[in-house]
Amino acid sequence: MLQYSYLQVLDFLTTVAFLLQGVQEGNPMVRLALKYAPNPLSGLLMVKLVAVALGLYCWKVGKQRLLGRMNVMFAVVVAWNLGALILGSVA
């Protein structure tokens, strides 16, 4: 659960970095939250709080395998985001 929460924070930070560079959010559900929230940062924070709550639920009901798979997925997303940010800054 600690890794999952940490990956959510990293995804939040890399998404903020993209938004500051004018890159549109790729996830349609997150994009919708960004659009209808009072401001994009609060919309993104709300999405991440829901994600952490879902992770906590999985942990409490014993869905460690699912939580592990989500950790792998978010690790790939964060690595992709960091790579894209690095490549975008040198281009």
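Just to be sure, is residue 13 under 11 Å from the mean Cα position of the chain (by Cα), in a helix (DSSP H, G or I) and surrounded by fewer than 17 Cβ atoms within 10 Å (Cβ to Cβ)?
yes
Taking only the stretch 4-33 into account, find how many residues are over 18 Å from residue 85 (Cβ atoms) and touching a residue at least 12 places away in the same chain (Cβ under 8 Å).
Counting residues in the stretch 4-33 that are over 18 Å from residue 85 (Cβ atoms) and touching a residue at least 12 places away in the same chain (Cβ under 8 Å) gives 4.
Could you figure out which of (1) under 12 Å from the mean Cα position of the chain (by Cα); (2) surrounded by fewer than 12 Cβ atoms within 10 Å (Cβ to Cβ) isn't true of residue 44?
Among (1) under 12 Å from the mean Cα position of the chain (by Cα); (2) surrounded by fewer than 12 Cβ atoms within 10 Å (Cβ to Cβ), the lone unmet condition for residue 44 is (2).
Pick out the one residue from 51, 33 that is under 22 Å from residue 75 (Cβ atoms), surrounded by 14 or more Cβ atoms within 10 Å (Cβ to Cβ), of a type outside the set (Ser, Thr, Tyr) and out of contact with any Asp or Glu (no Cβ under 7 Å at 6 or more places or on another chain).
From the options 51, 33, the qualifying one is 51.
Any residue in the stretch 56-74 that is closer than 23 Å to residue 15 by Cβ sitting within a Cβ distance under 9 Å of a residue that is among the charged types (D, E, K, R) and surrounded by 14 or more Cβ atoms within 10 Å (Cβ to Cβ)? List the pairs, counting only those 6 or more apart or interchain.
Pairs that qualify, where the first residue is closer than 23 Å to residue 15 by Cβ and the partner is among the charged types (D, E, K, R) and surrounded by 14 or more Cβ atoms within 10 Å (Cβ to Cβ), are 57/63; 74/11.
Looking only at the stretch 54-68, filter to residues that are hydrophobic (A, V, I, L, M, F, W, C) and over 14 Å from residue 5 (Cα atoms); which one of those is surrounded by the fewest Cβ atoms within 10 Å (Cβ to Cβ)?
61
Bear in mind these aren't lab numbers, they're just calculated from the coordinates by the rules spelled out. Everything numeric here is computed off the predicted structure, so don't read it as measured data. Cβ atoms come from the backbone with ideal geometry, glycine included; neighbour counts cover every protein chain shown.
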